[in-house]
Amino acid sequence: MKNISHSHRIFIKHLAAGQRVILHVGPLLIGKDCKSWPKMKDCKVIVGGKSDAHLDPRLKKVHDYLLSSWENMFVKYDIDGLWCDFLEIPDRPDKPVTGVEIVSTDIHVAYTKLMEALYNKAIALKPGAVIIMRRASANLNSKNYSTHVCPMDSPQDYNMNRRDIVYMKTFGPGILTHACCTNWAISESDVNVARRWLA
């Protein structure tokens, strides 16, 4: 156990205790401190000639990179699932640069294909894996590639979250929904907290 990281030690302790481990990830976000920055920095979405914070799901290189990352996380850490978050992509990005392999020229089609591929990879590596997305990210096309859908947590109105749960049930059968979050802003009213527990 001397050659493994502190975070890996924590995972091992959780697993030994019979706990399930679900990582909260932002798969499309990448920053300069990321180890993969040198090879992926040119794969970001461009909007109005300026680089966005998100990787471009239209690029096959992005799909390959994330699928490889998924395999690394599930195999190395033996995780039980992923909460995929911060998946907001721009509606009208610039066209991808020429000379790169494209999954789809439509960013929304490409996003759905990516969510499908990542879901299938997770289930292949860990049958029964928990895959969570927020309602805004789990749209009617991509919701089939999650096992759980949760509402948005901002603004922090938990009465709104309760209504969001009811709305999400119209997405169709087979996907669990749960209210988020289990903590409250210090300004939250007692009435709204009570509504949350009665939801």
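The values are calculated or read from the model by the stated rules, or taken from the named source; none is laboratory data. Owing to the predicted nature of the structure, the values given are computational and were not obtained by experimental measurement. Cβ sites come from the backbone with ideal geometry, for glycine too, and all protein chains shown count toward neighbours.
Pick out the one residue from TYR145, TYR111 that is aromatic (Phe, Trp, Tyr), outside the structural domain of SER68 (by TED's automatic domain parsing) and surrounded by 20 or more Cβ atoms within 10 Å (Cβ to Cβ).
On the way: TYR111 fails: outside the structural domain of SER68 (by TED's automatic domain parsing).
Selected residue: TYR145, the only one of TYR145, TYR111 that is aromatic (Phe, Trp, Tyr), outside the structural domain of SER68 (by TED's automatic domain parsing) and surrounded by 20 or more Cβ atoms within 10 Å (Cβ to Cβ).
Across the stretch 89-103, what is the number of residues that are closer than 28 Å to CYS150 by Cβ and either surrounded by 14 or more Cβ atoms within 10 Å (Cβ to Cβ) or of a type in the set (A, V, I, L, M, F, W, C) (or both)?
Just the residues of the stretch 89-103 that are closer than 28 Å to CYS150 by Cβ, to begin with: 89-93, 103.
Next cut, either surrounded by 14 or more Cβ atoms within 10 Å (Cβ to Cβ) or of a type in the set (A, V, I, L, M, F, W, C) (or both) only: 89-90, 93, 103.
So the count comes out to 4.
Residues in the stretch 118-163 that are of a type in the set (Asp, Glu) and either farther than 18 Å from GLU88 by Cα or modelled with pLDDT of 90 or more (or both): 1 in all.
Listed here are the residues, each with its yes/no results for (1) at pLDDT 85 or above; (2) surrounded by 15 or more Cβ atoms within 10 Å (Cβ to Cβ); (3) touching a Cys at 6+ places or on another chain (Cβ under 7 Å).
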| residue | (1), (2), (3) |
| --- | --- |
| GLN19 | no, no, no |
| LEU23 | yes, no, no |
| LEU29 | yes, yes, no |
| LYS35 | yes, no, no |
| MET40 | yes, yes, no |
| CYS43 | yes, yes, no |
| ASP52 | yes, yes, no |
